[in-house]
Amino acid sequence: MKKLLVSDLIKELDGVVVRQGSQSVVKYTAKRMKKVRSGSLYFCLDKAADVEQLPACVIVTSRPQKFQSVQGDITVIQVKKTREAYRQFLALYRRLLAIPILAITGSYGKTTTKEMVKYLLSEEHRVKATKGNYNLFRSNAAVLTRMNENTDIGIFEFGVGKEGHLDKCVRCFSPFSVLITGIGTDHIDRYGSQHLYTAEKAKIIKGAEEEQSVFLNSECEYSKRYARSLRPERIIWFGMDEQADYRGSHIKYSGEGMLFTLTHADRSYEAFVPAFGVHMVRNALGAIAAAHTYGVDMKILLERLRTFPPLKRHLEIVPGVNGSTLIDDSWNSNSGSIEAALAVLQEKARGKNSVAVIGQINELGMEELQEYKKIGRLIYNHQPGRLITIGERAAVMAREAVKCGMRARHVYMCDTSERALTLIQKFADADTVCLIKTSMRDSYKDFISVLREES
């Protein structure tokens, strides 16, 4: 964090000093007492356990009485609501940073795209980015407060796990450029309908001020609707169709990833991403569009893309049980990512036996039955040799696949992962490719570890 004057903070937070210490500047932030160190600005958002002494710091709280007997060189600023003061501080701090931020959201591919952008930029720029898939408000707030004069670019990943999450992000982290990977079906149980979920995602665009770019997937119908409210010159399209400013074509599988042609500004480039699936090409196009806009030469970007380290449990191909090949795609699951995973299985299993193991999908709400039936049709269209579903709700997919024409004797509906594991061990051999498509939320980690450990 950059150093801030305590006197300025008092005014901005509309606070009153009820205890005066000697601290004139702060250089760290903390929300938990155990993280407080000398020079910290501590927003008392935890239970603030009783302590006898604290290091020299500034405390922002609506409960100053908790610190009356605490010894140490501390300043206590009383505010009406501590959480509101913290958000005011974040918004203030963002405005003090003359640093571009890219905010990424979408129903699929956002973590991969964020990691790609970070990787593509990090050789020439000092980048601060959300860690892994930690896309909650508090995670991005931690990234913001680590940014300072030595930071060139910030890259944030925003989820919509809770209604109002993006409203807070816009308030505290804008202005930022926006990249939306695409909108599918997710979190429906929290929002009640696809329409409300899509409207929630669209809120991110409010954080892009007039001079900020908005990167949109040219193949996503919802993104095209978002575009209607924006001036055309602000939009940068990426995708496979002719409309895209960064367009992918001539896509081919290779032994180690995907080959494709990138066309931009009437120039074409041969490109490679070391990961499998057409969707990974789309992620790469979005990442290239963003990184190129930040001034990195296209040839440098494409050379660096070739060495991008694939993410664990994102269509990760590893040796499997009984000498089989395992495609571990157990990070998250929705209909869009299932379709992408099935396409990879179909390609990697050419001339071999294929097994698709698919678990339940969370947070589908009222759309659950229709989504499961849609996935059942996708399974049939991609024709895996065998289908194993895990969980009572996932059985809807299996029944729909059979209804479409998949052979019933090749479809197995398992109540537990233990039963699925037994079947995989039975079917797997050196001539088998097995896709594991589940969600980390369903705690299949041990189940997958067994498959990998027995390889």
Original post:
With respect to LEU259, is the statement that it is surrounded by fewer than 17 Cβ atoms within 10 Å (Cβ to Cβ), over 22 Å from the mean Cα position of the chain (by Cα) and touching a residue at least 24 places away in the same chain (Cβ under 8 Å) true?
Top reply: no
**OP:** Hey, could you check the range 126-143 for residues that are of a type in the set (Gly, Ala, Ser) and over 18 Å from MET116 (Cα atoms) and say which is surrounded by the most Cβ atoms within 10 Å (Cβ to Cβ)?
**Re:** ALA141
**OP:** Could you identify the single residue in LEU41, LEU102, LEU120 that is within 30 Å of PHE308 (Cβ to Cβ), crowded, with 21+ Cβ neighbours inside 10 Å, modelled with pLDDT of 95 or more and in contact with a strand residue (DSSP E or B) (Cβ under 6 Å, 6 or more places away or on another chain)?
**Re:** LEU102
**OP:** Test VAL433 against the stated conditions and say whether it is over 17 Å from GLY391 (Cα atoms), at pLDDT 95 or above and within 30 Å of the chain's Cα centre (by Cα).
**Re:** yes
Original post:
Tell me, which residue of the range 359-378 that is under 21 Å from the mean Cα position of the chain (by Cα) and hydrophobic (A, V, I, L, M, F, W, C) is nearest to LEU196 (Cα to Cα)?
Top reply: LEU364
Original post:
Which residues, counting only those in the range 310-341, are of a type in the set (A, V, I, L, M) and farther than 20 Å from GLY106 by Cα?
Top reply: ILE317, VAL318, VAL321, LEU326, ILE327
**OP:** Being without any contact (Cβ under 8 Å) to a residue 60 or more places away in the chain, part of a strand (DSSP E or B) and not small (Gly, Ala, Ser) is the filter here, so list the residues in the range 29-61 that pass it.
**Re:** LEU41, TYR42, PHE43, GLN53, CYS57, VAL58, ILE59, VAL60, THR61
Subject >> Pair list, Cβ < 7 Å and 6+ apart or interchain, from the range 128-147 residues that are in the same structural domain as GLU115 (by TED's automatic domain parsing) to residues that are part of a loop (DSSP other than H, G, I, E, B) and β-branched (Val, Ile, Thr) >> reply: LYS128/THR151; SER139/THR130; ASN140/THR130; VAL143/THR130; MET147/ILE99
Original post:
For ARG234, which of the numbered conditions (1) within 18 Å of GLY109 (Cβ to Cβ); (2) out of contact with any Gly (no Cβ under 6 Å at 6 or more places or on another chain); (3) not hydroxyl-bearing (Ser, Thr, Tyr) fails to hold?
Top reply: (1)
Original post:
Quick one: how many residues across the range 67-90 are part of a helix (DSSP H, G or I) and crowded, with 16+ Cβ neighbours inside 10 Å?
Top reply: 8
Subject >> Members of the range 91-121 found to be of a type in the set (Gly, Ala, Ser), touching a residue at least 60 places away in the same chain (Cβ under 8 Å) and assigned to a loop (DSSP other than H, G, I, E, B), listed by number >> reply: GLY106, SER107, GLY109
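The values are calculated or read from the model by the stated rules, or taken from the named source; none is laboratory data. On a predicted model such as this, the values are computed, not experimentally measured, just so you know. Every residue, glycine as well, gets a Cβ built from its backbone with ideal geometry; the counts of neighbours run over all protein chains shown.
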